[in-house]
Amino acid sequence: MKTTEYLMKILNELNRSASFIADDEADKLADHILSSNQIFTAGAGRSGLMAKSFAMRMMHLGLNAYIVGETLTPPLHDGDLVIIGSGSGETKNLIHTAEKARSLKAVIAALTINPESSIGSQSDLIIKMPGSPKDKSEGDYKTIQPMGSLFEQTLLLFYDAVILKIMEKKGLNSQTMFTKHANLE
């Protein structure tokens, strides 16, 4: 198969994935973000990279967004929002993040394939994401891609869709966001 044919198959998988995400859950996440004083994102591996990109876009929107574990991350306060992206919902350091956030009275949002997971059980808001466990490619979310790629890609695109929803609600556009873009590049 040609590389571009693989690309088309991946794009078709992503298009199909969007229909598995509940609109009401997605909109609730945008509302929680807008009502929070501080927003913290967390993920591990490639999901962590998606969380970092999401925090960056929220910063471009003028929101107080941070990445759990970074050296410049401020303390979490009662009522702040912690968004955790974890396919399995069982990643040990993210379970610890959820437990710590819960003890500090944060609102926790989980984006996961497995709502019944350890992280899901500690969350106030769960956005069920499409995907298969890393060792399977069967069922409703069948994918040609390796490991957790479909989940991670869907996570990134979902985060970007949430940014668009927030932009709409705040009346922002890309031009206004550029005022928060790095300029030491």
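Values quoted throughout were computed directly from the atomic coordinates according to the rules given, and no laboratory measurement underlies them. Because the structure is predicted, anything quoted here is derived from the model rather than measured. Because the Cβ atoms are built from the backbone with ideal geometry, glycine has one as well, and the counts that use them run over all protein chains shown.
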Ile144 label point, 7 Å along Cα→Cβ, cut-off 16 Å on backbone N: hits in the stretch 1-39? 1-17
Extension gain (nm, one decimal) between Asn64 and Ser103, 0.36 nm per residue minus Cα-Cα: 11.9 nm
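How much length is gained if the chain between Lys128 and Ala18 is pulled fully straight, taking 0.36 nm per residue apart and subtracting their Cα-Cα distance, in nm to one decimal?
Result: 38.5 nm gained on full extension.
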Gain on full stretching of the segment that runs from Leu172 to Met56 - 0.36 nm per residue minus C-alpha separation: 40.2 nm
Computed FRET efficiency, Cβ-Cβ of Leu49 and Thr71, R0 22 Å: what is it to the nearest 0.05? 0.80
Among Thr176, Thr3, Thr97, Thr112, what is the fewest-to-most ranking by other Cβ atoms within 10 Å? Thr3, Thr176, Thr97, Thr112
Based on the Cβ-Cβ distance of Glu5 and Asn37, what FRET efficiency does E = 1/(1 + (r/R0)^6) give at R0 = 45 Å, to the nearest 0.05? 0.40
Show that you can apply the helix-only estimate: for the chain, add -39,500 (n - 2.57) for every DSSP H stretch of four or more residues, divide by all residues, and state [θ] at 222 nm to the nearest 500. -14500 deg cm²/dmol
Excluding residues on the same chain fewer than 8 positions from Lys169, give the lysines whose Cα lies under 30 Å from its Cα. Lys28, Lys52, Lys105, Lys128, Lys180
